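Peer 1: Before anything else, here's the structure in question.
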Amino acid sequence: MPFCLEEVSFTYAAGTPLAVQALRGVSLRMEAGEVLGVMGHTGCGKSTLIQLLAGLLVPTHGRVLLDGQDINAPGCDRAALRARVGLVFQYPECQLFEITVAKDVTFGLKHSGLSPAQKEERVRAALETVGFSYERMGAQSPLALSGGEKRRVAIAGVLAARPEILIFDEPIAGLDPMGRERFLALVRRLNAQGTSIVLVSHNADALAQCADRLLVLKDGCVALEGTAEQVFADVEAARRLQVDVSTPRALGQMLTQRGVAVPAGAVTYEGLLSVLKERFCAGGNP
Amino acid sequence: MSALPAGQFFPGQSVLHALDARAKLLGFFLLLAGVVCAASLPAYAVAFAAAGALLALSRLPARAVLAPLKRLWLFFVLIFAMNALFYERGDALWSWWIFRLSKAGMAQGANVAARVALMMVLSGVLTGTTAPMEITGALNALFKPLALLGIPAQEIAMILGIAIQFIPTLLEETDTIRKAQIARGARFESRSLWRRAASLPPLVVPIFLSAFRRADDLATAMEARGYRGAANRTHRRARPLRRADWFALALCTGVCALHVVLRVCVAF
């Protein structure tokens with residue numbers, strides 16, 4: 001299922017005086033089962049990138065390949081492609097419209113050709129994946145839920161199609177700490193079931209915890225690429241690209257400057273703690 | 001979203017961009033009156049020449065301004081056909097069942113289609129060279145006399161201004177929601193009218209909800225910043241009309257007068 005971008009460029013309103021080039025020759029390869037984090041300053045092309053991946057935009061130049069097949073080629077079945085790639089937009093709670101939660105989650109399965117029983121099974125599973133019980137939630141109005149609950153219902157609406165690749169745009173923006181933890185647990189669970197995941201976020205801590213690989217965009221180009229350890233190694237470089245490094249990495253940097261050397265690879269709290277433990281609790285004494 | 005919405009503003013440095021919005025708006029209404037008067041070939045020659053000259057002066061990308069016309073070709077064909085086939089007066093050239101093709105009807109159809117096309121080009125030039133906020137400001141100024149009649153002119157201008165400002169936001173939001181629904185399996189591309197109507201709720205419900213939420217938020221924000229009704233608000237950049245503005249107005253008045261004269265003197 002590898003997902004590739006080949007020298008992809010995209011220009012909004014091409015051919016008019018308002019043309020804006022959002023991506024410039026971006027190449028990218030995503031492996032099956034990978035969690036890819038995408039970071040970058042506002043306006044760097046993140047949203048354009050994920051819409052190209054989901055087949056919602058057609059590149060001005062270059063190709064988007066899924067399993068080696070150009071998804072924008074004339075003969076390609078785009079509906080089938082969209083079923084394989086799920087995209088959860090920022091503030092997905094805005095897309096809810098049905099009378100009940102169950103109906104809203106079923107909406108995406110309308111053209112799937114599944115039987116009603118199969119659909120219900122899918123919806124039940126999707127709601128359970130986001131931590132809701134079908135019996136208790138199914139008949140409620142989605143519009144009467146709290147913001148965080150709405151977002152989970154909206155995510156269930158995308159999960160119901162069982163995509164192989166899931167793309168999240170700023171999924172944790174505006175969530176409380178518990179909602180954030182719950183979301184990250186969901187990502188890990190989905191990934192463990194074999195779903196490839198693209199996470200677009202400004203939250204470096206969350207990406208350091210979840211992502212196998214990070215991509216930093218700047219002005220429509222890939223500026224940095226690598227594991228969280230590699231990308232966050234140079235704190236100054238990250239700052240120049242206008243992205244945060246994870247809090248533990250920033251702490252490690254401060255400690256290093258004050259004489260307690262912490263390796264650059266400690267980008268998560270667990271990593272930082274184990275480094276500090278090793279240093280200060282040698283022999284088990286605090 | 002590859003096609004630009006009709007009425008898009010293009011920042012620029014042309015003569016028309018530099019004119020005062022009040023002069024442009026008044027001139028626009030004068031030319032519009034002229035177009036409504038037009039009913040003969042010479043009159044349409046004048047009107048099309050004026051519209052073409054404005055389009056050239058504005059240095060707007062002609063393709064972008066004319067694109068809405070192209071998108072509405074079916075509408076033009078329809079109004080022409082309706083007029084040509086159902087017009088009551090004049091000798092019938094051909095008739096069958098309820099249809100009745102007449103020369104007068106065809107002339108009427110051509111009239112209506114040409115007028116709509118001209119109005120669209122003129123308004124395209126106006127909105128293309130004038131930022132939405134300038135248009136609102138101009139409306140505000142032009143509505144002022146209505147306050148004497150007890151009409152809340154300033155409030156109306158404020159409402160119009162807010163409505164105009166919300167258009168791009170709502171268009172963008174529509175685009176996002178449409179994409180979000182497509183990404184989870186909706187199909188809006190269907191050609192069948194029935195299917196297309198059935199696919200409206202997933203778009204319309206979220207957009208209405210968000211529009212109401214935005215309106216609420218905006219009202220709160222305006223009150224929080226001390227808005228107490230529009231009466232006696234002053235403007236940051238108040239300036240009188242300049243010579244160029246008066247000249248433009250005079251030109252538009254001239255074109256409008258010419259139309260009236262042509263209307264009176266020339267039969268179709």
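Peer 1: So how tilted is helix A:116-129 from the main axis of chain A? Cα-based, degrees 0 to 90, rounded to 10.
Peer 2: Helix A:116-129 sits roughly 20 degrees off the main axis of chain A.
Peer 1: Separation between the B:Ala257 and B:Ala221 pseudo-spin-labels, each 7 Å from Cα along Cα→Cβ, expressed in nm?
Peer 2: Between B:Ala257 and B:Ala221, the label points sit 4.7 nm apart.
Peer 1: Which value in Å does the Kirkwood hydrodynamic radius of the stretch A:1-82 take, with 1/r averaged over all unlike C-alpha pairs and then inverted?
Peer 2: That comes to 13.3 Å for the stretch A:1-82.
Peer 1: Counting other Cβ atoms within 10 Å of each Cβ, which trypsin sites (Lys or Arg not before Pro) in the stretch A:183-286 have at most 16 and sit in a DSSP loop?
Peer 2: Here the sparse-neighbourhood loop sites are A:Arg258.
Peer 1: Using Cα centres only, tell me the gap between the stretch B:7-76 and the stretch A:216-286 in whole Å.
Peer 2: Between the Cα centre of the stretch B:7-76 and that of the stretch A:216-286, the gap is 60 Å.
Peer 1: Taking R0 as 30 Å, what FRET efficiency do you get between A:Lys277 and A:His41 from their Cβ-Cβ distance, rounded to the nearest 0.05?
Peer 2: Given R0 = 30 Å and the Cβ-Cβ separation, E is 0.30.
Peer 1: Mean Kyte-Doolittle hydropathy of 0.5 or higher plus an axial Cα length of 18 Å or more: which whole DSSP H helices in chain B meet both?
Peer 2: Result, helices passing both filters: B:21-37, B:41-58, B:73-86, B:103-129, B:153-183, B:201-224, B:243-265.
Peer 1: Then there's this: For a quick check, take a GNM of chain A with Cα springs below 10 Å and name the residue from A:Gly157, A:Gly68, A:Gly25 with the largest mean-square fluctuation.
Peer 2: Looking only at A:Gly157, A:Gly68, A:Gly25, the biggest GNM fluctuation is shown by A:Gly68.
Peer 1: Here's something else I'd like to know. Where q = 0.15, 0.19, 0.20, 0.24 Å⁻¹, what log10 of I(q)/I(0) comes from the Debye formula for the stretch A:189-286, counting one point per Cα?
Peer 2: -0.64, -0.91, -0.98, -1.23
Peer 1: Here's a follow-up. So if each residue of separation counts as 0.36 nm, and I subtract the Cα-Cα distance between A:Asp212 and A:Ser27, what length gain in nm does that give?
Peer 2: Extra length from A:Asp212 to A:Ser27 when fully extended: 64.8 nm.
Peer 1: While we're here: Could you estimate the translational diffusion coefficient of the stretch A:246-286 from the Stokes-Einstein equation, with Rh from the Kirkwood formula over C-alpha pairs, at 37 °C and 0.692 mPa s, in whole µm²/s?
Peer 2: Diffusion coefficient, whole number: 324 µm²/s.
Peer 1: Then there is this: Could you tell me which of the pairs A:Lys218/B:Lys179; A:Lys46/A:Lys110; B:Lys70/B:Lys103; A:Lys46/A:Lys218 are separated by over 18 angstrom between their Cα atoms in the structure shown?
Peer 2: A:Lys218/B:Lys179; A:Lys46/A:Lys110; B:Lys70/B:Lys103
Peer 1: Debye sum, Cα scatterers, the stretch B:15-265, no solvent: what log₁₀ I/I(0) at q = 0.09 1/Å?
Peer 2: One equal scatterer on each Cα of the stretch B:15-265 leads to -0.60.
Peer 1: For chain A, take the longest principal axis of its alpha carbons; what is the angle in degrees between that and the long axis of helix A:269-280, to the nearest 10 within 0 to 90?
Peer 2: The helix A:269-280 is inclined about 20 degrees to chain A.
Peer 1: DSSP beta bridges in the protein assembly as shown, what fraction antiparallel, as a percent rounded to 5?
Peer 2: 55 percent
Peer 1: Of all beta bridges DSSP finds with both residues in the stretch A:81-233, what is the antiparallel percent, to the nearest 5?
Peer 2: Antiparallel bridges make up about 35 percent of those DSSP assigns within the stretch A:81-233.
Peer 1: Can I ask one more? Among all stretches of chain B without exposed GluC sites (Glu not before Pro) (DSSP loop, at most 12 other Cβ atoms within 10 Å), which one is longest?
Peer 2: B:89-188
Peer 1: In nanometres, what is the gap between the two model label sites at B:Leu170 and A:Arg63, each 7 Å from Cα along Cα-to-Cβ?
Peer 2: Going by the 7 Å Cα→Cβ label model, 4.3 nm.
Peer 1: Please report Rg (one decimal) and Dmax (integer) in Å for the Cα set of the stretch A:3-242.
Peer 2: Answer for the stretch A:3-242, Rg first and Dmax second: 18.2, 55 Å.
Peer 1: If I take R0 = 22 Å and measure r between the Cβ atoms of B:Leu241 and B:Gln13 in this structure, what FRET efficiency does the formula 1/(1 + (r/R0)^6) give, to the nearest 0.05?
Peer 2: For R0 = 22 Å, the calculated efficiency reads 0.65.
Peer 1: Here is a follow-up. For the stretch A:3-242, calculate the relative contact order in percent as a whole number, restricting contacts to Cα pairs under 8 Å that are 6 or more residues apart.
Peer 2: 27 percent
Peer 1: On to the next question. Kindly state, as a whole number, the per residue volume in cubic angstrom of the convex hull around the alpha carbon atoms of the protein assembly as shown.
Peer 2: In the protein assembly as shown, the Cα hull volume divided by residue count equals 236 Å³.
Peer 1: Select from the stretch B:80-125 those chymotrypsin sites (Phe, Trp or Tyr not before Pro) which occupy a DSSP coil region and have at most 14 other Cβ atoms within 10 Å, ordered by residue number.
Peer 2: Within the stretch B:80-125, the qualifying chymotrypsin sites (Phe, Trp or Tyr not before Pro) (loop, at most 14 other Cβ atoms within 10 Å) are B:Trp97.
Peer 1: A further question on this structure: May I ask you to list the GluC sites (Glu not before Pro) in the stretch A:2-75 that are in a DSSP loop and have at most 12 other Cβ atoms within 10 Å of their Cβ?
Peer 2: Those satisfying the criteria are A:Glu31.
Peer 1: When the Cα centres of the stretch B:110-170 and the stretch A:161-191 are compared, how far apart do they sit, in Å?
Peer 2: Between the Cα centres of the stretch B:110-170 and the stretch A:161-191 lies a distance of 45 Å.
Peer 1: Based on the Cα coordinates of the stretch B:12-155, what is the per residue volume of their convex hull in Å³?
Peer 2: With only Cα atoms used, the stretch B:12-155 gives 149 Å³ per residue.
Coordinate-derived values only; no laboratory data. Since the model is a prediction, treat every value here as computed from it, not as a measurement. Note that we place each Cβ from the backbone using ideal geometry, even for glycine, and neighbour counts take in every protein chain shown.
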